[in-house]
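Everything on this sheet refers to the single structure shown next.
The values are calculated or read from the model by the stated rules, or taken from the named source; none is laboratory data. Note that the coordinates shown come from a computational prediction; the quantities given were computed from them, not determined experimentally. Positions of Cβ are generated from backbone atoms using ideal geometry, with glycine treated the same way; all protein chains shown enter the neighbour counts.
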Amino acid sequence: EVQLVESGGGLVQPGRSMKLSCAASGFTFSNYGMAWVRQAPTKGLEWVATISYDGSSTYYRDSVKGRFTISRDNAKSTLYLQMNSLRSEDTATYYCTRAPLPGYNFGWFAYWGQGTLVTVSS
Amino acid sequence: DIQMTQSPSSMSASLGDRVTITCQASQDIGNNLIWFQQKPGKSPRPMIYYATNLANGVPSRFSGSRSGSDYSLTISSLESEDMADYHCLQYKQYPYTFGAGTKLELK
């Protein structure tokens, strides 16, 4: 069974940093693209970043480019999101997601973790 | 960026009703669209992928269709467990973009 378990969320002041982790199990992590999707309280869903199965390619939405870094450790089956210079508008539940099929082309968000809440506030 | 215009933003319907939710894409996305269901406090669940394909475990009362740049999710006979938020997503190109969501409530 595919399991994605996020951690690392919490309260952080504007301008500070936070690193989210997603521990994956139940599949061969190194074969699948991964992504982060967020949802601000009572708002819609928003794609944040994607990383290819081997980490060679990354993609970001404009509003986080230069501030967020998606990365992965295939030996540890763990996905990361390093978030710097956090803003109030980054407040959201962050979901770790997995591609539906192995390989380079990501496709859609087939599996989701339970999410971790990041609150940016002074 | 591709804009996904989802409608309605909310709707109420009765058990047994036929319900349709629509997303319109601002550019060609082919069939690269997926519908998610999200219940309060839960993660989104894939329902229909590639515009018309039923995801694993999804009841057959759900279906997806496409007419040009308009994509629809239809529930043929509404059940109480279908009350949820529904989101469309285009995955044709980055940045991936979601519709604003539809809240489906019981009348």
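Under the condition of being more than 14 Å from every other protein chain (Cβ to nearest Cβ), over 17 Å from A:P102 (Cα atoms) and over 12 Å from the mean Cα position of the chain (by Cα), the residues counted in region A:59-74 number 2.
Please find, among B:K92, B:K103, the residue that is within 14 Å of another protein chain (Cβ to nearest Cβ), at pLDDT 95 or above and over 14 Å from the mean Cα position of the chain (by Cα).
Testing whether each residue is within 14 Å of another protein chain (Cβ to nearest Cβ), at pLDDT 95 or above and over 14 Å from the mean Cα position of the chain (by Cα) leaves just B:K92.
Among the residues of region A:21-31, not one is in a loop (DSSP other than H, G, I, E, B) and in contact with a Gly (Cβ under 8 Å, 6 or more places away or on another chain).
Tally up the residues in region A:51-107 that are surrounded by 15 or more Cβ atoms within 10 Å (Cβ to Cβ), at pLDDT below 95 and within 13 Å of B:Y94 (Cβ to Cβ), please. Residues flagged as surrounded by 15 or more Cβ atoms within 10 Å (Cβ to Cβ), at pLDDT below 95 and within 13 Å of B:Y94 (Cβ to Cβ) within region A:51-107 amount to 2. Once region A:44-58 is narrowed to residues that are part of a strand (DSSP E or B) and more than 8 Å from chain B (Cβ to nearest Cβ), the residue that is farthest from B:G41 (Cα to Cα) is A:T58.
Quick grid of which residues meet (1) within 28 Å of A:S52 (Cα to Cα); (2) in a loop (DSSP other than H, G, I, E, B):
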| site | (1), (2) |
| --- | --- |
| B:M11 | no, no |
| B:M47 | yes, no |
| B:C88 | yes, no |
| B:P95 | yes, yes |
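Taking the criterion of being outside any loop (DSSP other than H, G, I, E, B), of a type in the set (G, A, S) and free of Cβ contacts under 8 Å to residues at least 40 places away in the same chain, the only residue of region A:69-117 that qualifies is A:S71.
When residues in region B:49-86 are screened for being of a type in the set (G, A, S), outside any strand (DSSP E or B) and over 25 Å from A:K43 (Cα atoms), 5 of them pass. Restricting region B:46-61 to residues that are without any contact (Cβ under 8 Å) to a residue 12 or more places away in the chain and within 10 Å of another protein chain (Cβ to nearest Cβ), the residue that is surrounded by the most Cβ atoms within 10 Å (Cβ to Cβ) is B:A55.
The rows are residues; the columns are (1) without any contact (Cβ under 8 Å) to a residue 60 or more places away in the chain; (2) within 13 Å of chain A (Cβ to nearest Cβ); (3) not in a strand (DSSP E or B).
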site	(1), (2), (3)
B:D1	no, yes, yes
B:C23	no, yes, no
B:N31	yes, yes, yes
B:G41	yes, yes, yes
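For A:W108, the criteria (1) over 27 Å from B:T5 (Cβ atoms); (2) more than 12 Å from the chain's Cα centre (by Cα) hold in every case but one, which is (1). Could you tell me whether any residue of region B:62-84 is of a type in the set (S, T, N, Q), over 25 Å from A:G113 (Cβ atoms), surrounded by 14 or more Cβ atoms within 10 Å (Cβ to Cβ) and without any contact (Cβ under 8 Å) to a residue 24 or more places away in the chain? The answer is yes; a qualifying residue exists.
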